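Before any comments, here is the structure.
The values are calculated or read from the model by the stated rules, or taken from the named source; none is laboratory data. The structure displayed is predicted, hence computed values, not measured ones. FYI the Cβ positions are ideal-geometry reconstructions off the backbone, even for glycines, and counts take in every protein chain you see. Keep in mind that these areas ignore ligands, DNA and RNA; they rest on the heavy atoms of the full protein, side chains included. Shrake-Rupley method; radii C 1.70, N 1.55, O 1.52, S 1.80 Å.
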Amino acid sequence: MLRHDGRCACGVVYSVSEDVFDFLGNSDYYWGEMPRTEMEQFLSEAQRTGWRHAARVLVYPKRPDLQQYFEDPRRTAWVAEIPLPAHPVVADLGAGWGTIGFQLAASGAQVWLVEAVRERVELLRLRRAQDNLTDAKIVRASFMDAPLASGAFDLVVLNGVLEWAGIADKSITPVEAQLRLLRNAAAALRVGGFVYVGIENRYGWPQLRGEIDHSGLPFTSLLPRRIATLVLRFSRNALSSHTGGDSPRQTTYRTYTYTLAGYSRLFRHAGLRIRRALMLAPTYNLPKLIAPLDHTPTIARAMRAGLIVRGSRLARALASMPSSLLAAVARTLAPSFGFVLERME
């Protein structure tokens, strides 16, 4: 938690402007779903006519896929799987446009939205005011070094964030960066609190079919990581993002994802255990399916309905398998996971 006297309990000095706690000062880092110049135009229009109208006029005509991403209530459907108190205190790390954080705030949570990119922070400020969610707090800081008070939060959200830790901190290995992020999140939890991680399956069906990886290329998550690095170094199309916005070229493969077993090991090393593992399909950001991985009947039905392996002859062939075997295949090919984590005692 932060005070308005400009000094964090951890001793770091910050500034306060427009009710935004700023730990990055003059940092000019940019990453976004659109080029910076377009983001600046969007912000100008959002200031004048409201962010929703500006998005419909300037953003969605070019990127119709972003409308659901920025506005769909399914973005927080997973929260129903977490036993939170009535008015939880939440930290949303890597808040982006604030869809998750503000949806949680609208449902009664006290939310701290942590975002590093200045333009996104400005959008969060506009969105908070225009949607009348003035109790939500905005912090300009890296998700890797978020100034989270120890034992202060019921929930820390890492949705689409853990895989980027190796890019955010290149001074250590990607695994070490991911462990540092997870340990910081765990330290911020109150007794009985949770960390939520939404992330892709390294060997999920979309990856096997050639969906673009975080590297900007298909299939790199499937390769041994040293081989993936060689592929990136010899490719002109390797980017740290495939969203179509501004992003630096990635020449070393650092956006690690894992299988279910791999995530379990990573979390244990960070001092966290899985309370609940969820399958989210078709993506963790817009799930039509949220099912506990241990609930075989639900997963088997989802497989037969084409929610996991979609649009292929394989899906039809698998549908005739017994439910137990079909669910095992589904767990292996799951597009993405949602993990509800708690601290190990």
Here is a check on your reading of the model: is SER320 farther than 17 Å from GLY204 by Cα, touching a residue at least 24 places away in the same chain (Cβ under 8 Å) and of a type in the set (Ser, Thr, Tyr)?
no
Residues located in the range 142-177, provided they are in a loop (DSSP other than H, G, I, E, B), modelled with pLDDT of 95 or more and surrounded by 22 or more Cβ atoms within 10 Å (Cβ to Cβ)
VAL161
Just give me the residues in the range 305-331 being open to solvent by 20 Å² or more (accessible area, probe 1.4 Å) and under 22 Å from GLY160 (Cβ atoms), in sequence order.
LEU307, ARG310, ARG331
If we ask which residues in the range 178-193 are open to solvent by 10 Å² or more (accessible area, probe 1.4 Å) and either within 21 Å of GLY96 (Cβ to Cβ) or among the basic types (Lys, Arg) (or both), their number turns out to be 4
Is it the case, given these coordinates, that ALA261 is open to solvent by 10 Å² or more (accessible area, probe 1.4 Å), small (Gly, Ala, Ser) and modelled with pLDDT of 95 or more?
yes
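One line per residue, one yes/no per condition, for (1) polar (S, T, N, Q); (2) under 26 Å from THR76 (Cβ atoms); (3) outside any helix (DSSP H, G or I):
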{"site": "THR255", "(1), (2), (3)": "yes, yes, yes"}
{"site": "ALA277", "(1), (2), (3)": "no, yes, yes"}
{"site": "LEU286", "(1), (2), (3)": "no, yes, yes"}
{"site": "PRO297", "(1), (2), (3)": "no, yes, no"}
{"site": "MET303", "(1), (2), (3)": "no, yes, no"}
{"site": "LEU307", "(1), (2), (3)": "no, yes, yes"}
{"site": "MET321", "(1), (2), (3)": "no, no, yes"}
{"site": "THR332", "(1), (2), (3)": "yes, no, no"}
Answer residue from the range 26-44, given it is assigned to a helix (DSSP H, G or I) and of a type in the set (Asp, Glu) and is least open to solvent (accessible area, probe 1.4 Å) among those:
GLU38
What are the residues in the range 45-77 that are assigned to a helix (DSSP H, G or I), among the charged types (D, E, K, R) and more than 18 Å from GLN103 (Cβ to Cβ), if any?
GLU45, ARG48, ARG56, ASP65
Would you check if there is a residue in the range 334-345 being more than 18 Å from the chain's Cα centre (by Cα) and either open to solvent by less than 30 Å² (accessible area, probe 1.4 Å) or among the basic types (Lys, Arg) (or both)?
yes
I'd like to know if the range 6-23 contains one or more residues that are modelled with pLDDT of 90 or more, open to solvent by 20 Å² or more (accessible area, probe 1.4 Å) and under 20 Å from TRP97 (Cα atoms).
yes
